[in-house]
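What follows is a single structure, written as structure tokens, with notes after it.
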Amino acid sequence: MSLAYPQNKSQQLFDPRRWVRSLASMDRRKKIRYALMAFGVLALAPPVGFLAQLFGGSMFCGPLCPRMAIGMDFLRELSSRTAGVILLFIWFGITFFFGRWACSHFCPVGALTEFGSKLVPNRFKIDYAGIVHAPLFRYGFLIAFVGLPILGLGSICCGYCNLSTIPEAFGVLFAPLAGTGLLMGSRLVSVVLYGGALGIAAREGRGHCQLVCPVGALDSLINVIGARLPFTFRMRVKKDNCISCGVCVEGCPAHAIKMNETNNVPEIDYHRCYQCRQCQTDCPTDTFSITRLKEGAS
Ligand code: SF4
Ligand code: SF4
Ligand code: SF4
């Protein structure tokens, strides 16, 4: 199995003309998605992070992190993190009813590495979801992430948390002196690992989303549960439209689409799908749409 994903071999390193061309020809859905992702970065990541600053933080971490209450005086700590709990409820509520819009269209952490990955030519990127069973890996990581603070090892979680490391490393670009702590021990390892290998060097910059993000893992579980209910909206397949060309399978950055061996039409794995809408853009026959579970769409 190839490590890298389908790519254009003639692609040049840091080719600004290619970026301008691809921006001009970009599909409307993607333009809207990128605009919302940029808003998420301004709202929750340094150096601006205006929403985080409202609650005394400078990023998607610290006072906004409910995980930090685990292993401490849980209820008291949680009550001092009300903004983070509310944010998480809104995030997961959107996912339950409408799918993973927050991860694909708003999260500043996924956005930073996805934007950063545009600097790396596709031939150097790694397609992690095609190599390992990403959901299993991520759920295992979630168990460790919740279990370690109970054992009094919560500081390890912070040291190896993509949600704290990636925005912090981005913020250092604007305030280099603030980054001395990032250059030591586990923090440096996680910057290189999450920002580099699992970040900008990953397919669509989403390797850390697929393998190690604790919020992403919970979000996927809620996505799967909600997808089974008739009143929720998800990316779904209108089987009758499909001509079985396989373009969607190749194009899905999360490896969430497989062809059903019996009828040769696609099926979506909601443990993997983060509702990026690439399949909607790629499919020549409008087989994908965000809709409720109903006859003709599964
Ligand atoms: S998986 Fe985690 S880092 Fe990725 S978009 Fe979702 S919350 Fe953000
Ligand atoms: S791209 Fe569209 S037509 Fe082709 S296999 Fe996928 S759903 Fe079917
Ligand atoms: S391409 Fe489609 S199936 Fe794949 S992650 Fe994006 S929305 Fe989900």
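The values are calculated or read from the model by the stated rules, or taken from the named source; none is laboratory data. Since this is a predicted model, take the numbers as computed values, not measurements. No Cβ is skipped: glycine too gets one built from the backbone with ideal geometry, and neighbour counts run over all protein chains shown.
Tabulated data for the structure shown
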| read-out | value |
| --- | --- |
| Some residue of the stretch 207-215 being away from ligand 3 (no atom under 16 Å from the Cβ), within 25 Å of M37 (Cα to Cα) and part of a loop (DSSP other than H, G, I, E, B) | yes |
| Pairs where the first residue, in the stretch 273-290, is in a strand (DSSP E or B) and the second is within 11 Å of ligand 2 (Cβ to nearest atom) and β-branched (V, I, T), C-beta under 8 Å, 6+ apart | F288/V237 |
| Condition check for H255: away from ligand 2 (no atom under 16 Å from the Cβ), within 27 Å of L112 (Cβ to Cβ) and not aliphatic (A, V, I, L, M) | no |
| Residue check, G199 within 15 Å of ligand 3 (Cβ to nearest atom) and closer than 25 Å to F115 by Cβ | no |
| Residue identified as of a type in the set (D, E) and within 16 Å of ligand 3 (Cβ to nearest atom) among E261, E204 | E204 |
| Residue in the stretch 190-199 that is surrounded by fewer than 19 Cβ atoms within 10 Å (Cβ to Cβ) and of a type in the set (S, T, Y) present | no |
| Residue in the stretch 227-249 that is within 10 Å of ligand 2 (Cβ to nearest atom), within 21 Å of K31 (Cβ to Cβ) and part of a loop (DSSP other than H, G, I, E, B) present | no |
| Breaking point among (1) touching a residue at least 40 places away in the same chain (Cβ under 8 Å); (2) within 14 Å of ligand 3 (Cβ to nearest atom); (3) in contact with a strand residue (DSSP E or B) (Cβ under 8 Å, 6 or more places away or on another chain), for E267 | (1) |
| Yes/no for H208 being touching a helix residue (DSSP H, G or I) at 6+ places or on another chain (Cβ under 6 Å) and either in the same structural domain as T95 (by TED's automatic domain parsing) or surrounded by fewer than 19 Cβ atoms within 10 Å (Cβ to Cβ) (or both) | yes |
| The stretch 183-210 residues that are free of Cβ contacts under 8 Å to residues at least 40 places away in the same chain, paired with ones that are not in a helix (DSSP H, G or I) (beta carbon under 7 Å, 6 or more apart) | S186/Y160; S190/Y160 |
| Failed condition for M72, given (1) part of a helix (DSSP H, G or I); (2) aliphatic (A, V, I, L, M); (3) over 21 Å from S190 (Cα atoms) | (1) |
| One residue from E77, E114 being free of Cβ contacts under 8 Å to residues at least 12 places away in the same chain, touching a helix residue (DSSP H, G or I) at 6+ places or on another chain (Cβ under 7 Å) and more than 15 Å from L44 (Cα to Cα) | E77 |
| Single match in A169, A175 (criterion: over 15 Å from the mean Cα position of the chain (by Cα), surrounded by 21 or more Cβ atoms within 10 Å (Cβ to Cβ), in the same structural domain as F145 (by TED's automatic domain parsing) and over 22 Å from W91 (Cβ atoms)) | A169 |
| Residue match in the stretch 241-252 (condition: surrounded by 13 or more Cβ atoms within 10 Å (Cβ to Cβ) and in contact with a Gly (Cβ under 8 Å, 6 or more places away or on another chain)) | no |
